[in-house]
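Novice: Once you've had a glance at the structure underneath, I'll fire off some questions.
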Amino acid sequence: MSSNAIDNATLLSIYKRAALIKANDERARKVILSGQIAMVYYSYRGQEIIPSVMGEILRDDDTLCTIYRGIHDMIGKGFPLRELWAELAGRRTGSCKGKGGPMHLTYPPRGIMVTTGIVGSSAPIANGLAWAARLDQSDRVSICTFGDGASNIGAIHEAMNLASVWKLPTIFVCQNNLFAEHTTFEKMTAGGNIASRAAGYAMPGVRVNGNDPAEMYLAFSEAVARARAGEGPTLLECMTFRFFGHTFGDDDSYMPKEQKSAAMAADPVPALRARLIADRIATEDELASFEAEIEAQIDDAVAFALESPWPEPDDLRFDVFEKEIAA
């Protein structure tokens, strides 16, 4: 499907989100290599279009349950950069007061409810939030994102079955980047297609090119509209490619070199940028100006994080129970 299926303003907005997501990942890797922040980091480079489209369509009150390789999902949904970077740095000004770090980021004001460190566990939680929406008689939707590896975890299947039985407004978004940790998709998944599994749960299953803004926009829009109308869940398998290893710095020798080179040559963010210029949706100067603004925003967020205080030992007593316990 051509990008012409999306109006120009929407396509430009999707690019702006994707450019921010891409730049944020590039900065994270530089900060780690410089020694300014020590953290386990799961790069999402190559997967920027999927969350950019989702963020364009979702409302603030729609909820998101994502995974440890999910910072791109959160930025797409509007996670403030200062609170994000402060949490990555483990500082008190972070969204979880420095107690969560990159593995457990949350920001409820934008519906970013949980980052799970357990593979596949995002799905049952997303169902709980979807059930809450039903109880509230709200039309908000619940998004569950996971990778191709998690698609083989029992919790994902249990959650899809329950969502279909109860007609929950849950959208299961599998970002199939072709590698689960250090294992290729073909070596661990029978059938070669995750979307087709939806038939077993009486829900629509759609496989899309997650790097194509138009395909992604159409499929996700239909899933959201269906969920808001009370028609139940959808499974989306969004095909993409991750440019780096499972964790930043690991040996990615399990990734075929030619396949990786081809994917990086087709990098979806520069491809969308070139399309915007070719179709005269934006000029080179306009995009360069916006990209400079992005770098300034990230500069500010990193500086804010590094200048913020560390948590105190006594902070361990707080945010554990609903009511504060006297010392």
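Novice: How large is log10 of I(q)/I(0) for the stretch 124-215 at q = 0.12, 0.24 Å⁻¹ when the intensity is taken from the Debye formula with one equal scatterer per alpha-carbon?
Specialist: Summing over Cα pairs of the stretch 124-215 leads to -0.40, -1.27.
Novice: Which order do peptides 62-75, 124-137 fall in by mean Cβ count within 10 Å, highest first?
Specialist: Peptide ranking by packing, descending: 62-75, 124-137.
Novice: Then there's this: With springs only between Cα atoms under 10 Å apart, run a GNM on the chain and tell me which of ALA271, ALA288, ALA150 wobbles the most.
Specialist: ALA288
Novice: For LYS16, give me every one of the aspartates and glutamates with a C-alpha distance below 13 angstrom, ignoring sequence neighbours fewer than eight places off in its own chain.
Specialist: Partners found: GLU48, GLU56, GLU286, GLU291, GLU293, GLU295.
Novice: Net charge near THR234, counting Lys/Arg +1 and Asp/Glu -1 over other residues with Cβ under 10 Å of its Cβ?
Specialist: That sum, taken over residues with Cβ under 10 Å, equals -1.
Novice: By per-residue mean of other Cβ atoms within 10 Å, what is the highest-first order of 190-201, 88-99?
Specialist: 88-99, 190-201
Novice: Give, as a single signed number, the net charge of other residues whose beta carbon lies under 15 Å from the beta carbon of ARG207, with Lys and Arg counted +1 and Asp and Glu -1.
Specialist: -4
Novice: Which entry in [x] 31, 50, 13, 4, 1, 0; [y] 25, 48, 23, 4, 0; [z] 32, 59, 9, 0 is this structure's computed P(r) over Cα pairs in 20 Å bins from 0, in percent?
Specialist: [z]
Novice: How much accessible area does PHE248 have with a 1.4 Å probe, in Å² rounded to the nearest 10?
Specialist: Counting only protein heavy atoms, PHE248 exposes about 60 Å² to solvent.
Novice: Next question. For a quick protection proxy, order the peptides 309-318, 39-48 by their average other-Cβ count within 10 Å, most packed first.
Specialist: My ranking of the peptides, most packed first, is 39-48, 309-318.
Novice: Distance between Cα centroids, the stretch 203-256 to the stretch 13-63: provide it in whole Å.
Specialist: Distance between centres, Cα-based: 15 Å.
Novice: What's the local net charge at GLY149, with K and R +1, D and E -1, over the other residues with C-beta under 12 Å away?
Specialist: +1
Novice: Give the lysines reachable from LYS187 as a straight Cα distance under 21 Å; neighbours fewer than 8 places away on the same chain don't count.
Specialist: Answer for LYS187, where 21 Å is the Cα cut-off: LYS257, LYS260, listed by chain and number.
Novice: Rounding to the nearest 20 debye, state how big the charge dipole of the stretch 7-302 is about its Cα centre with +1 on each Lys and Arg Cβ and -1 on each Asp and Glu Cβ. Before the final figure, lay out each step's value.
Specialist: On the way: 30 positive and 36 negative charges, 141 e Å.
With only Lys, Arg, Asp and Glu charged at Cβ, the dipole is about 680 debye.
Novice: Which GluC sites (Glu not before Pro) from the stretch 276-327 combine a DSSP loop assignment with at most 11 other Cβ atoms within 10 Å?
Specialist: GLU322, GLU324
Novice: Run the dipole for the stretch 1-127 about the Cα centre, Lys and Arg Cβ at +1, Asp and Glu Cβ at -1, nothing else charged, and hand back the magnitude in debye, nearest 20.
Specialist: It works out to roughly 540 debye.
The values are calculated or read from the model by the stated rules, or taken from the named source; none is laboratory data. What you see is a predicted model, and the numbers here were worked out from it, not measured in a lab. For neighbour counting, all protein chains shown are included, and Cβ atoms are generated from backbone atoms with ideal geometry for every residue, glycine included. Surface areas here come from the heavy atoms of the whole protein model, side chains and all, with no ligands, DNA or RNA. Shrake-Rupley method; radii C 1.70, N 1.55, O 1.52, S 1.80 Å.
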